[in-house]
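Trainee: Below is a structure I'd like to ask you about.
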Amino acid sequence: MIKRIYLAGQITGRNYKNVNSDFAAAKKFLIHQGFDEVINPCEIVAPGTGWTEAMLILLPYLATCNFLALLPGYEISNGAMTEYYFGRGMENEGRIHAIIHIDIRKGKPVTLQIEHTDTLKQAI
C-alpha cells in the first residue's frame with residue numbers, strides 16, 4: 001500500500017515564509033518517516049487564494065490520501081479544521097488509517113503523535 005499523507009495546519013493569519021518553512025519541514029520529516037507521498041497545500045494553492053476556492057482545490061487532494069497530518073495551530077484554523085473533520089469522516093469509512101499530530105519547534109519537527117484508529121494496524 002502506498003502511504004499518502006495530507007498536511008493540514010494554520011496558514012491564514014501567519015507569515016507566509018514561516019508557513020512555507022513549517023510545511024516544508026513537516027513534509028521532509030514525513031518522507032523520512034517512510035511516507036511515500038506528502039501532499040503540501042502550500043505547493044498547490046497560491047498565496048492570496050480565497051478560503052472557499054482553496055478548500056475546493058484542496059479537499060479533493062485530501063480525498064486521495066490514507067493518512068492526515070496536523071501541524072500546530074490547526075485547531076484555530078477554519079481551513080485546517082475543515083480538513084480535520086473531512087479526514088475524520090474518511091476515517092469513519094476506513095479510508096484514513098491514522099491522524100498524526102506533528103509538533104514543530106524552531107522550524108523543525110520534533111515529535112510525532114498518532115491517534116489510534118481501527119484500521120491503523122492494517123495500514124502498517
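The values are calculated or read from the model by the stated rules, or taken from the named source; none is laboratory data. Quantities reported herein were computed from a predicted structural model and do not represent experimental measurements. Glycine gets a Cβ as well: all are built from the backbone with ideal geometry, and neighbour counts include every protein chain shown.
Trainee: If I filter the stretch 99-124 down to residues being modelled with pLDDT under 75, under 14 Å from the mean Cα position of the chain (by Cα) and not hydrophobic (A, V, I, L, M, F, W, C), which single residue comes out as surrounded by the fewest Cβ atoms within 10 Å (Cβ to Cβ)?
Mentor: Applying the filter and picking the extreme gives Gln113.
Trainee: Continuing with this model, one more query. State yes or no: is Ala54 of a type in the set (A, V, I, L, M, F, W, C), modelled with pLDDT of 95 or more and over 12 Å from the mean Cα position of the chain (by Cα)? Even if it seems obvious, please write down each step before you answer.
Mentor: Working: of a type in the set (A, V, I, L, M, F, W, C): yes; modelled with pLDDT of 95 or more: yes; over 12 Å from the mean Cα position of the chain (by Cα): yes.
Judged against the criteria, Ala54 is a match.
Trainee: Limited to the stretch 62-98, what total is found for residues that are modelled with pLDDT under 90 and either of a type in the set (Ser, Thr, Tyr) or part of a strand (DSSP E or B) (or both)?
Mentor: Result for the stretch 62-98: 1.
Trainee: Failed condition for Asp22, given (1) modelled with pLDDT of 95 or more; (2) surrounded by 14 or more Cβ atoms within 10 Å (Cβ to Cβ); (3) under 22 Å from Ile114 (Cα atoms), with all others met?
Mentor: That leaves (1) as the condition not met.
Trainee: For Ile39, are the conditions met, namely being at pLDDT 95 or above, in contact with a Leu (Cβ under 7 Å, 6 or more places away or on another chain) and surrounded by 19 or more Cβ atoms within 10 Å (Cβ to Cβ)?
Mentor: The answer is yes for Ile39.
Trainee: State all residues of the stretch 2-19 that are assigned to a helix (DSSP H, G or I) and either under 13 Å from the mean Cα position of the chain (by Cα) or of a type outside the set (S, T, N, Q) (or both); if no residue qualifies, say none.
Mentor: Tyr16, Lys17, Val19 - these are the residues of the stretch 2-19 that are assigned to a helix (DSSP H, G or I) and either under 13 Å from the mean Cα position of the chain (by Cα) or of a type outside the set (S, T, N, Q) (or both).
Yes/no matrix, rows are residues, columns are (1) in a helix (DSSP H, G or I); (2) within 15 Å of Ala8 (Cβ to Cβ); (3) among the charged types (D, E, K, R):
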{"position": "Lys28", "(1), (2), (3)": "yes, no, yes"}
{"position": "Ile31", "(1), (2), (3)": "yes, no, no"}
{"position": "Val45", "(1), (2), (3)": "no, yes, no"}
{"position": "Thr49", "(1), (2), (3)": "no, no, no"}
{"position": "Pro60", "(1), (2), (3)": "yes, yes, no"}
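Trainee: Condition first: among the small types (Gly, Ala, Ser) and under 13 Å from the mean Cα position of the chain (by Cα). Now tell me which residues in the stretch 20-34 satisfy that.
Mentor: Hits for the stretch 20-34 are Ala24, Ala25, Ala26.
Trainee: Answer yes or no as to whether Glu43 is among the charged types (D, E, K, R) and more than 12 Å from the chain's Cα centre (by Cα).
Mentor: Against the criterion (among the charged types (D, E, K, R) and more than 12 Å from the chain's Cα centre (by Cα)), Glu43 qualifies.
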